[in-house]
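Colleague: My questions will all concern the structure given below.
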Protein chains: 2
Amino acid sequence: ALVAELSMAPEDAPSSTAPDVAPAVRDAEALRVTITAGPTHEALDPVRYLSNHSSGKMGYALAEAWARRGAKVRLISGPVALATPTDVERVDVTSASEMLAAAEHAVTESDIFIGCAAVADYRAETVAEHKLKKTDASETLTLTLVKNPDIVAEIAARSPRPLVVGFAAETRDVERYARDKLTRKGMDMIVANDVSQAGLGFGADDNAALLLWRVGDGTDSQALPPQPKTTLADAIVDRVLTLYAHRAPTAHD
Amino acid sequence: ALVAELSMAPEDAPSSTAPDVAPAVRDAEALRVTITAGPTHEALDPVRYLSNHSSGKMGYALAEAWARRGAKVRLISGPVALATPTDVERVDVTSASEMLAAAEHAVTESDIFIGCAAVADYRAETVAEHKLKKTDASETLTLTLVKNPDIVAEIAARSPRPLVVGFAAETRDVERYARDKLTRKGMDMIVANDVSQAGLGFGADDNAALLLWRVGDGTDSQALPPQPKTTLADAIVDRVLTLYAHRAPTAHD
């Protein structure tokens, strides 16, 4: 235990290791967890891209919480300005296609997959090799975008597959859209955020969430009030551990 | 001078205040300099946006160099993950329209304007109030974009106007495109980068540049070899100070 504690003492601790985080309970020791975090950037040409708002803070807080609780964590990260949490293996990617490839590689050896990244839904149909030049003749520009792979749905469709947790960022009808997404994408649990609330969600240090998970043919839920993303991460880990412990053996095939 | 030096001693110096930067020569003391830096984000809906690659490092290095040399610096910054340099007044903006408004406000009291931001050329014709939902029916999405204001050209067209310096990031035919841009937008000087070179330009700490400026009906130029953006900033400040000293009085009206 002393060795484990020493190896957890970071020399340059990320700021997320705040004193208000509960002391480490290593209740996830045997688990292999893969987490996606941050946005993806979809190139339009060498200088322009399409993206989503995502600081990566929630995914990084989850990676830190799982690692602190003893899990073997692989963090697949889009472009963010965050330090890698202690004892976390980080894989950097840029586009949704790269993120899917990294996730598919990682989940063959994962017990739990958490898709927390704000993956761009669409990418450019064609990526220009050179910078698109604007000309005075063209006052408008029409971009044709094609759908990106849905990473969480792709992972949930695999067999065997890990326990799959997704995220939903919505600006209205949060519970309805989240429940629909949980079922349609075949996830085990979804963490839904109302990103229209000031001071919460994208870029913020605090967040609130509604957890929804499948119970038989229906769903059960738990509302987590606004709190720092670090403590919210621990509450999400608690729920995932409970679901994982009660997971039907058939779900593995 | 002692008071000035004390006020320049930062308690939390940005990393750009590296030891290899030459000691401060306060040769820009009477000048008011406005600099734009970073990318702009053009919202498509509450969660998606269009952007350009730009870390803001070059613009921040310029702000730091001008401030160190005594200028009164206003830095109009798009979304970046950089600390504000010491003695620099920073104004945060998101979109090109916001950046133009801040620049127009600032230049009424500026001697020098440096447009270093990677401003998005286009924005969405309409911004959706709620998150666009993808449906299985739509495998492609067509976006109609409209031209953004050209901030450097707008500032250069004002009367009276400051000395105007622009930037050009190109992936080919760098000198040709830069010379065309210098003339067409009515700038006094342009700093041209070849962003296709590995390890230079967007996101990198080093950069090389070709400076082009107007001399009568023609142009003169100076090539600056690859070097840290901090020392490159001082070389650009040197050239701008020379141009400003020789500026024809008529250029002010």
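Colleague: With label points built 7 Å along Cα→Cβ from the Cα atoms of residue B:92 and residue A:108, find their separation and express it in nm.
Modeller: 4.4 nm
Colleague: Let me ask you something else. Looking only at other chains, what is the average number of their beta-carbon atoms within 10 angstrom of each beta-carbon in A:120-126?
Modeller: 3
Colleague: Shifting gears a bit: Using a label point 7 angstrom from Cα along Cα-to-C-beta, what distances in nm, from shortest up, separate residue A:84 from the other copies?
Modeller: Listed shortest first, these distances are 3.3 nm.
Colleague: Other chains' Cβ within 10 Å of A:38-49 residues: what's the mean?
Modeller: The mean count of partner-chain Cβ atoms within 10 Å per residue comes to 4.
Colleague: Kindly state, to the nearest 0.05, the FRET efficiency for residue A:147 paired with residue A:81, given R0 = 25 Å and r defined as their beta-carbon distance. Walk me through the intermediate numbers first.
Modeller: On the way: r = 28 Å, r/R0 = 1.13.
Once rounded, the FRET efficiency stands at 0.35.
Colleague: Next question, about the same structure. At residue A:159, with labels set 7 Å past Cα in the Cβ direction, how many nm apart are the copies from this one, shortest first?
Modeller: Output for residue A:159: 7.6 nm, nearest copy listed first.
Colleague: Still on this structure, please answer the following. Taking residue B:238 in one copy and the same position in all the others, each labelled 7 Å out along Cα→Cβ, what are the pairwise distances from the first, in nm, shortest first?
Modeller: Spelled out, the distances from residue B:238's label point are 6.2 nm.
Colleague: Here's another thing I want to ask about it. If you take each beta carbon of peptide A:138-147 and count the beta carbons of other chains within 10 angstrom, what is the mean?
Modeller: Whole-number average of other-chain Cβ neighbours for A:138-147 is 5.
Colleague: Arranged by the count of other C-beta atoms within 10 angstrom, fewest first, what order do A:138, B:159 take? Kindly include the intermediate steps, with their values, before the conclusion.
Modeller: Working: A:138 13, B:159 7.
Ranked by crowding around the Cβ, least crowded first: B:159, A:138.
Every number in this text was worked out from the coordinates using simple rules, so none of it is lab data. For clarity, every value in this text was computed on a predicted model and none was experimentally measured. In this analysis, Cβ positions are derived from the backbone assuming ideal geometry, glycine residues included, and neighbour counts consider all displayed protein chains.
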